[in-house]
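Here's the structure we're looking at; comments come further down.
The values are calculated or read from the model by the stated rules, or taken from the named source; none is laboratory data. Predicted model, so just to flag it, every value in this text is computed and none were measured. Note: ideal-geometry Cβ built from the backbone for every residue, glycine included; neighbour counts use all protein chains shown. With ligands, DNA and RNA removed, areas are computed over all heavy atoms of the protein, side chains included. Shrake-Rupley method; radii C 1.70, N 1.55, O 1.52, S 1.80 Å.
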Amino acid sequence: MLVHAYGAHAGDKPLEPLRITRREPGPHDVQIAIAYCGVCHSDIHQVRAEWAGTLFPCVPGHEIVGRVAAVGAHVSRYRVGDLVGVGCIVDSCQHCHECEEGLENYCDGMIGTYNSPTPDEPGHTLGGYSQQIVVHERYVLRVRHPEAQLAAVAPLLCAGITTYSPLRHWNAGPGKKVGVVGIGGLGHMGIKLAHAMGAHVVAFTTSESKREAATALGADEVVVSRNAQEMAAHAKSFDLILNTVAMPHDLDAFLALLKRDGTMTLVGAPATPHPSPNVFNLITKRRSIAGSMIGGIPETQEMLDFCAEHGIVADIEMIRAGEINEAYERMLKGDVKYRFVMDISTLGA
């Protein structure tokens, strides 16, 4: 079926209206009428070919929410009309150790929601800046939030799970001191989630003007990272630091804040590498630098249910499809609180 979409034909071209083909639902497929799609920083990197291997035409978008429009004959989990979401994964090998453990995000055969190989036209997956998507039921997620919050649920499918997964893995909760570096699309979710888990949350920002906003999000304390005195006051005290910044920066200043056996987990993905950290900051306190990438399907469903139970959604600014190029430029300047979401009803308008 032909549907309206927004994408680019080359890395140096703006996004523009496209018509793309979606497959008819197979026996285990769910066809979703997309209502909203969040706009992720990685969308920019990929569609502008700042990350290697971009396939064109590129239709970004992996923070997808909407309603089930049709289901295949063997689909058992979903019915027409259900509120659902699709995140960063639309397929995987389904038989490796990672898939068997519900960690499809680490499967070597993981198929991303866009820019991954597929037998569908045009030979690679096309994402959520589009009216419809067809996905195997295994990779569809149930949304239990009220429908009025649906647009603000969309960013949970990437920004939410990207921060939830490491917080859960490194046991954020009561009695733990957790730092969140950066108060943007990822960071604002990290603060909300760590607070809801019961941790003592410290937000790090380079901007004095963000103190009040970080506190409103749930931070117990706010540190301006350019203030050496404020940083020193937290030396050797953190169990976990969640670093969401997607620009290269000095990691040593934050490593020094970890207690013995503390971990800094990197979830921001810069286009160029961070400066190499000082090894002595690691070996003198057995500290760790780790990475974490989104989450598997079971954990993503767990995150959505946790957020529904705790009334957590993203702070968003709604845009029309035709405003996406302007939104990208604003994102690069940090001019959004804290996530753009595209109203898919404006596609083809």
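At 0.36 nm per residue, and after removing the present C-alpha to C-alpha distance, how many nm does the segment from T346 to F56 gain when stretched out fully? Show your work: numbers first, answer last.
Details: separation 290, 0.36 × 290 = 104.40 nm, distance 2.29 nm.
Net length gain for the segment: 102.1 nm.
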Ranked by GNM mean-square fluctuation in the chain (Cα springs under 10 Å), the top entry among T205, T162, T21 is T21
Rounded to whole Hz, the Karplus (6.51, -1.76, 1.60) HN-Hα couplings of region 332-349, x for glycine and proline: 5, 8, x, 9, 7, 10, 10, 8, 6, 10, 7, 7, 5, 5, 8, 5, x, 6
Return the single residue from D220, D250, D315 with maximal mean-square fluctuation; model: Gaussian network over the chain, springs between Cα atoms under 10 Å. D250
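Loop only per DSSP, at most 12 neighbouring Cβ atoms within 10 Å: give me the GluC sites (Glu not before Pro) in region 55-114, ordered by residue number. Show your work: numbers first, answer last.
Values: sites: E63, E98, E100, E101, E104; in loops: E63, E101.
In loop regions of region 55-114 (DSSP not H, G, I, E or B), the sparsely surrounded GluC sites (Glu not before Pro) are E101.
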Starting from the Cα of M318, step 7 Å along the direction of its Cβ; do the same at E24; then give the gap between the two resulting points in nm. 3.5
Using 7 Å Cα-to-Cβ label points, what is the R138/D305 separation (nm, one decimal)? 2.0
Is the shape of region 160-291 rounded, prolate or oblate, going by the alpha carbon gyration tensor and its root eigenvalues a ≥ b ≥ c, with a/c under 1.5 for rounded and a/b larger than b/c for prolate? rounded
Largest fluctuation, A70, A233, A246 only, Gaussian network model of the chain with Cα springs under 10 angstrom, belongs to A233
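Given the pairs K285/K333; K259/K333; K285/K337; K177/K337; K236/K333; K192/K333, which span a C-alpha to C-alpha distance of over 30 angstrom in this model?
Values: K285/K333 36 Å; K259/K333 33 Å; K285/K337 36 Å; K177/K337 25 Å; K236/K333 32 Å; K192/K333 23 Å.
With Cα atoms farther than 30 Å apart: K285/K333; K259/K333; K285/K337; K236/K333.
For H74 and A235 in one chain, what is 0.36 nm times their gap in residues minus the Cα-Cα distance, to one decimal in nm? Kindly include the intermediate steps, with their values, before the conclusion.
On the way: separation 161, 0.36 × 161 = 57.96 nm, distance 5.60 nm.
Additional length available on full extension: 52.4 nm.
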Computed FRET efficiency, Cβ-Cβ of A10 and S207, R0 35 Å: what is it to the nearest 0.05? 0.50
Simple SL model, points at 7 angstrom along Cα→Cβ for E326 and M293; separation in nm is 3.5
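Return one whole number: the accessible area per residue of the chain in Å², for a 1.4 Å probe. Spell out each step's value before the answer.
Details: 14670 Å² over 349 residues.
The answer is 42 Å² per residue.
Given the DSSP H assignment, sum -39500 (n - 2.57) over each helix run of at least 4 residues in the chain and divide by its residue total; what's the result at 222 nm in deg cm²/dmol, nearest 500?
Numbers: 11 runs with 82 residues, N = 349.
One gets -6000 deg cm²/dmol as the mean residue ellipticity at 222 nm.
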Given a 1.4 angstrom probe, I'd like the percentage of the accessible area of the chain that is carbon and sulfur, rounded to a whole number. 52
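Go through region 245-315 and name the trypsin sites (Lys or Arg not before Pro) that are in a DSSP coil and have 16 or fewer other Cβ atoms within 10 Å of their Cβ. List each step's numbers first, then the result.
Working: sites: K259, R260, K285, R286, R287; in loops: K285, R286, R287.
Passing both the DSSP loop test and the Cβ count: K285, R286.
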Residue by residue through region 101-112, the couplings from Karplus 6.51 cos²θ - 1.76 cosθ + 1.60 with θ = phi - 60°, in Hz, x for Gly and Pro, are 8, x, 10, 4, 5, 10, 5, 5, x, 4, 9, x
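Given 20 °C and 1.002 mPa s, how large is the Stokes-Einstein diffusion coefficient of the chain in µm²/s, with Rh as the Kirkwood radius over Cα pairs? Please list the in-between numbers first.
Values: Rh = 20.5 Å.
My calculation gives 104 µm²/s for D.
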